[in-house]
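Following: one structure in structure tokens, then a few remarks.
Derivation of every value follows stated rules applied to the coordinates shown; laboratory data play no part. Computed from a predicted model, the values in this text were never measured in an experiment. All Cβ positions, even for glycine, are placed from backbone atoms using ideal geometry, and neighbour counts span all protein chains on display.
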Amino acid sequence: MEFTIPAMSCGHCANAITKAVKALDPAAQVNVDLASKKVVVQTPRDRQAVAAALAQAGYPVQ
Ligand SMILES: [Cu+2]
């Protein structure tokens with residue numbers, strides 16, 4: 001699944017986002033593209049749960 005996260009702007013953000021997703025699913029694959037502010041997540045968890053975890057970490061998805 002893919003998310004656009006406008007608040008994401010640097011490596012620290014990318015790291016925080018990766019951690020937030022992995023807190024939900026330690027086996028998740030997270031690919032961050034800072035330039036396009038997109039994050040691709042591979043996890044069996046549902047989109048709603050991942051979006052909620054990201055919002056809680058301070059990175060609401062668009
Ligand atoms: Cu940042």
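Rounded to the nearest 500 deg cm²/dmol, what is the calculated helix-only ellipticity per residue at 222 nm for the chain, with -39500 (n - 2.57) per DSSP H run of length n ≥ 4?
The per-residue figure over the chain is -12000 deg cm²/dmol.
What's the ranking of 40-47, 15-22 by average number of surrounding C-beta atoms within 10 Å, highest first?
15-22, 40-47
What is the magnitude of the charge dipole of the chain about its Cα centre, with +1 placed on the Cβ of each Lys and Arg, -1 on the Cβ of each Asp and Glu, and no other charges, expressed in debye to the nearest 20?
Dipole magnitude for the chain comes out near 60 debye.
By what distance, in whole Å, do the Cα atoms of the chain stretch along each of the three principal axes, largest value first?
26, 18, 17
For Lys37, give me every one of the aspartates and glutamates with a C-alpha distance below 18 angstrom, ignoring sequence neighbours fewer than eight places off in its own chain.
Partners found: Glu2.
How far apart, in nanometres, would the label points at Arg45 and Ala27 be if each is projected 7 angstrom from Cα along the Cα-to-Cβ direction?
1.4
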